[in-house]
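J.: This is the structure, below, for whatever I ask next.
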Amino acid sequence: MTEVLQARPESPVRQRILEAATRMFREQGIRAVSADRILAEAGCAKVTFYRHFPTKDDLVVAYLEAELEGARRIVQAAGSLPEGERMGALARAIGDEMCAPGFRGCPFINAAAEYADPDHPVREVVSRFRGWLAEEIADRLEAVGVAQARDRADEIMMLRDGAMVAGYLSGDPESVTAALRRAVGAIVDSSD
């Protein structure tokens, strides 16, 4: 499924469909949005939609791939900061996401909740995101001398997951972000 999507060149129509789907998936959830509603929002015909995305699941995979690329850009930007500031920048980036208008939770957590089959292509993208982010966190922890960086990265991933859910449910993402930053700081400081 994803090989077909990656082989196709970007087109303005494909991008318009993906942007419409992204807005709707973020606001309403994946399963709640039909292909017909996406078609109407993107202003394209069914045949055009299915030429770019043979199934709705192909569109969901493309949506998550785009979310993953956005996350990579954010983490790379934090990589240019001094070592001691990188973990704080990551916590701020999570907080910025939670403070964005219309935030409904982590797109990867939400997708995993809607696609129960761990072998489904959607879940494969979710797993790839989680593996990549845990590795990035572990690398940053190792760089500042945190002992058992891989284990601590898993703890920070759990904190991140909880913060994403709490940021949505509490309606107070600033407090959640502050708590996340304190918790990450405590993990980093505990290794001294």
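J.: Which residue fluctuates the most in the chain, going by a Gaussian network model with Cα springs under 10 Å, if the choices are L64, L169, L180?
T.: Evaluated over the chain, the most mobile residue of the options is L169.
J.: Okay, next question. Just going by the charge dipole of the chain, with Lys and Arg at +1 and Asp and Glu at -1 on Cβ, which of A32, F103, L133 is farthest out on the positive end?
T.: Value: A32.
J.: Give me E27, E136 sorted ascending by neighbouring Cβ count inside 10 Å, so fewest comes first.
T.: E27, E136
J.: Oh, and also: Among V60, V13, V146, which one shows the biggest mean-square fluctuation in a GNM of the chain, springs joining Cα atoms closer than 10 Å?
T.: V13
J.: From the helices alone, meaning DSSP H stretches of at least four residues, give me the mean residue ellipticity at 222 nm for the chain, per-run term -39500 (n - 2.57), in deg cm²/dmol to the nearest 500.
T.: Result for the chain: -25000 deg cm²/dmol, rounded to the nearest 500.
J.: Once both axes come from the Cα atoms, what is the angle between helix 149-170 and the longest principal axis of the chain, in degrees from 0 to 90, rounded to 10?
T.: Roughly 60 degrees, rounded to the nearest 10.
J.: About its Cα centre, how strong a charge dipole does the chain have in debye, to the nearest 20, once Lys and Arg get +1 and Asp and Glu get -1 at the Cβ?
T.: On the way: 24 positive and 31 negative charges, 133 e Å.
That gives a dipole near 640 debye.
Rule-based calculations on the coordinates, nothing more; no lab input. Every value quoted in this text rests on a predicted model; they were computed, and no experiment measured them. Note that we place each Cβ from the backbone using ideal geometry, even for glycine, and neighbour counts take in every protein chain shown.
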